Each structure stands twice: as structure tokens, then as C-alpha cells.
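Accompanying notes for the structure given below.
The values are calculated or read from the model by the stated rules, or taken from the named source; none is laboratory data. Quick caveat: nothing in here was measured; it's all calculated off a predicted structure. Neighbour counts run over all protein chains shown; Cβ positions are idealised from the backbone, glycine included.
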Amino acid sequence: MTDPHTDAVRHHDPSVRGFASDNYAGVHPEILAAFAVANGGHQIAYGEDQYTEHLQQVFRRHFGDRAEAFPVFNGTGANVVALQALLPRWGAVVAAESAHINVDECGAPEKIAGIKVLTVPTPDGKLTPELIDLQAWGWGDEHRAQPLAVSLAQSTELGTVYTAEEIKAICDHAHERGMLVHLDGSRLANAAASQGLPLRAFTTDAGVDVLSYGGTKNGLLFGEAVVVLNPERVRDLKFLRKMSMQLASKMRFVSVQFEALLAGDLWLRNAGHANAMARRLEQAVREIDGVTVVRPVESNAVFAILPREVSERLQKRYRFYFWDEHTGEVRWMTAFDTTEADIDAFVAALIEELGRA
Ligand SMILES: Cc1ncc(COP(=O)(O)O)c(C=O)c1O
């Protein structure tokens with residue numbers, strides 16, 4: 001396909017969809033349209049543009065009057081910037097063993113920020129006060145990195161969702177011990193849609209100190225935001241963001257995407273739709289002999305076990321990942337643009353491949 005306005009040529013088939021990650025999806029058309037709104041003319045670079053200024057009001061509507069948003073490029077960067085704002089050089093953060101900061105960031109919190117991640121195994125990706133206590137000890141002992149923060153993800157890497165009460169209990173527990181709380185909200189919109197609650201119910205109102213707010217998985221081209229909820233305890237974000245190479249010069253184009261996402265209900269429509277597609281997939285595969293759904297489906301991911309050779313053949317037709325090479329568990333993720341027809345075709349392919357087993 002060619003377009004008279006550009007020399008770029010379409011190199012992919014836009015009808016192809018898979019179940020590997022919500023990151024595989026393209027950009028929501030309302031977000032693409034927002035770029036054109038912000039384009040043209042000159043605006044002050046590095047975040048002093050009018051879009052980033054207005055964005056503060058947009059975030060405050062969701063997270064309360066004290067919230068301050070710092071747009072960044074990606075989720076790993078958001079986590080690394082946020083954690084640095086919580087911890088001194090000798091600090092450590094307690095997280096689930098399955099946390100993105102532990103397993104999927106190439107050690108960036110350790111290498112870029114110099115922060116030790118103290119992990120605890122969890123059955124479902126969720127921390128509890130009791131689990132936190134397995135690592136929350138040894139304050140004052142100079143031989144131990146000081147556990148001064150907790151990081152949890154909502155929704156978790158295993159597709160599970162904390163209730164607002166569970167997050168509040170973690171925040172109260174952490175604060176009683178002098179620890180601050182970071183929430184990796186790369187899929188916070190999916191959690192809010194799943195529980196039918198406003199974004200602040202799991203964050204500001206629950207006592208979270210700083211948040212990595214996810215845009216990319218929710219329909220943006222790129223962009224996440226570090227959102228400070230407790231400005232007394234979380235400071236110096238603007239310096240940390242630049243030092244961590246997360247300061248966009250043309251920031252207006254990150255900010256305008258967030259405005260398009262959060263000023264109305266696009267965030268909720270996209271997340272609610274992705275979740276509904278995961279439920280449709282779950283309901284269909286639960287009916288199939290030979291497929292076992294192994295985790296609760298509470299957001300936009302389905303985890304299942306099926307014969308390995310069936311998964312391998314199915315992978316030739318659809319992209320998805322093995323989550324656990326040992327057990328053969330696979331992860332199927334849905335996105336804002338997954339259609340009912342995509343699910344039905346995938347399920348039909350799965351049944352076909354099982355029949356050949
Ligand atoms: C829980 C979680 N946090 C953060 C991220 C963001 O990572 P990045 O944008 O750096 O790929 C992801 C992406 O998969 C994620 O699943």
C-alpha cells in the first residue's frame with residue numbers, strides 16, 4: 001500500500017492480530033487524531049508546553065488535587081524514575097518475585113538506579129502485609145540494603161487484580177514501618193474497569209505514594225507518566241527524570257495523547273473492551289477438553305495449560321508466549337483492538353490443533 005503524502009510503504013498486514021501482548025496492538029485512532037491537534041507551530045520544549053500544563057488538570061481529576069504527572073517514554077523508565085524518588089542510595093524495594101521490575105527490566109532498577117530489589121514468592125502475583133514482612137526487616141543494620149519501599153503492580157503480571165482494600169492494607173502496613181509505596185500501574189485502567197472503580201480508589205485513596213501510570217497498553221503510541229500522589233515524601237522528580245534519560249524534548253506529543261486518553265472515557269472503553277475479550281476467550285476455552293485455565297481471569301490476560309505440541313502448532317498461526325517453559329503454561333493477552341471475531345477464529349484454530357493431537 002502507498003500513500004501520496006509519504007514515502008513510507010506499508011510493510012505489514014493490518015488484519016493480522018495475535019495474543020502475545022497488549023503491546024502488539026497499534027495506536028487507537030482517537031490518539032492518532034490527537035497528534036494532529038498538537039502539531040504545527042512551535043511550543044516550548046521539555047515539558048513547558050501548553051499540553052503538558054493542561055495535562056496536570058486532567059490527571060488531578062482522576063487522582064486528586066495533589067497529584068503531579070511527569071510524562072516519560074516507557075514503563076521501565078517510569079518505574080526506575082519513581083523508585084529513585086522513594087529511596088536513598090542504600091535503599092531496597094520489596095516486590096513480588098514475578099514483578100516486572102524484577103524479571104522484565106533487565107535489572108534496570110539495580111543497574112540504572114542502584115536499587116536492590118528484595119523479592120518474595122507469591123501464589124498469584126499479589127503482595128500481602130505478611131509477605132512483605134518476609135523481607136521488611138533489618139533496619140539500621142548497615143550490612144543489609146534498607147527495605148524502605150514496597151512496589152506492587154495493579155493489575156499484576158499474572159492478570160490478577162487487588163481490591164482497593166487490599167492495597168490500602170499494604171499501604172497502611174508499609175507506612176507503619178516507615179516504608180513508602182510505589183504502584184506499577186502499567187495496566188491500572190484494566191484493573192479499574194475490572195472492578196468498576198475510579199482510578200483513585202486503588203491509588204490516592206488507598207495511600208499509594210507514587211504511581212507509574214500506563215498509557216501504551218491502553219492505546220497510546222508511546223508514553224507513561226510518573227504520578228506523584230504524596231508530594232511531601234516524593235520529591236525531585238524533574239531532576240530524576242532527566243538523569244534517567246526519560247525527559248522528552250517534544251513532550252507535547254506525549255501529553256496530548258494522555259489528554260485524549262484521560263479527559264473523556266477512552267481509557268475505560270479501551271480497558272473494558274480488552275477485559276471483555278479476555279473473558280470471552282476464557283469462557284470459550286473452559287469448554288474445551290485438554291485446555292485448563294490456571295489463573296483467575298481478572299483483567300486482559302488468560303493463562304492456560306494445554307499439550308505443548310498443540311501450543312507449538314498454534315504458535316505458527318498466532319503469536320503468543322509460553323509463560324512457564326517447565327509446565328507448558330501459556331499466556332494469551334487481549335488488547336483494545338481485539339475483536340470478537342479474532343477470539344472466535346483463535347478458538348476455532350485451537351480446537352483444530354487439539355483435534356490433530
Ligand atoms: C507490569 C508492567 N510494568 C511495566 C511495563 C512497561 O514496560 P516497558 O514500557 O518498559 O516495556 C510492563 C510491560 O510489559 C508491564 O507488564
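Observations on the model:
- Contacts under 8 angstrom Cβ, first residue in the range 68-89 being within 14 Å of Q257 (Cβ to Cβ) and free of Cβ contacts under 8 Å to residues at least 12 places away in the same chain, partner of a type in the set (V, I, T) and assigned to a helix (DSSP H, G or I), 6 or more apart: none
- Exactly one residue among A149, A201 is under 20 Å from the mean Cα position of the chain (by Cα) and closer than 30 Å to A263 by Cα, and that residue is A201.
- Of all residue pairs spaced 6 or more apart or on separate chains, those with beta-carbon atoms under 7 Å, a first member in the range 14-37 that is modelled with pLDDT of 95 or more and of a type in the set (G, A, S) and a second member that is in a loop (DSSP other than H, G, I, E, B) and more than 16 Å from the ligand (Cβ to nearest atom) are G18/Y318; A25/D337; G26/D337.
- Only one entry in A95, A99 is hydrophobic (A, V, I, L, M, F, W, C), crowded, with 24+ Cβ neighbours inside 10 Å and within 14 Å of the chain's Cα centre (by Cα), namely A99.
- Verdict on R235 being of a type in the set (D, E, K, R) and modelled with pLDDT of 95 or more: no
Quick grid of which residues meet (1) free of Cβ contacts under 8 Å to residues at least 60 places away in the same chain; (2) in a loop (DSSP other than H, G, I, E, B); (3) within 15 Å of the ligand (Cβ to nearest atom); (4) closer than 17 Å to T160 by Cα:
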{"position": "E105", "(1), (2), (3), (4)": "yes, yes, yes, no"}
{"position": "E110", "(1), (2), (3), (4)": "yes, no, no, no"}
{"position": "A113", "(1), (2), (3), (4)": "no, yes, yes, no"}
{"position": "L127", "(1), (2), (3), (4)": "yes, yes, yes, yes"}
{"position": "I132", "(1), (2), (3), (4)": "yes, no, no, no"}
{"position": "D141", "(1), (2), (3), (4)": "yes, yes, no, no"}
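- Some residue of the range 342-350 being farther than 22 Å from Q154 by Cβ, crowded, with 21+ Cβ neighbours inside 10 Å and β-branched (V, I, T): yes
- Qualifying residue in the range 38-58 (condition: within 16 Å of the ligand (Cβ to nearest atom) and either out of contact with any Pro (no Cβ under 7 Å at 6 or more places or on another chain) or aliphatic (A, V, I, L, M) (or both)): no
- The sole residue among D65, D7 that is in a strand (DSSP E or B) and of a type in the set (D, E) is D7.
- Candidates R286, R280, R313, filtered to the one that is more than 14 Å from T160 (Cα to Cα) and surrounded by fewer than 17 Cβ atoms within 10 Å (Cβ to Cβ): R286
Every residue, every condition in (1) surrounded by fewer than 21 Cβ atoms within 10 Å (Cβ to Cβ); (2) modelled with pLDDT of 95 or more; (3) touching a Leu at 6+ places or on another chain (Cβ under 7 Å); (4) not hydroxyl-bearing (S, T, Y), yes or no:
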residue	(1), (2), (3), (4)
A82	no, yes, no, yes
A85	no, yes, yes, yes
P109	no, yes, yes, yes
T119	yes, yes, no, no
K126	no, yes, no, yes
G138	yes, yes, no, yes
H143	yes, yes, no, yes
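- Filter result for A278 (touching a residue at least 12 places away in the same chain (Cβ under 8 Å) and within 30 Å of A349 (Cα to Cα)): yes
- Residues considered: R313, R280, R295. Of these, the only one that is of a type outside the set (D, E), in a helix (DSSP H, G or I) and under 22 Å from A189 (Cα atoms) is R280.
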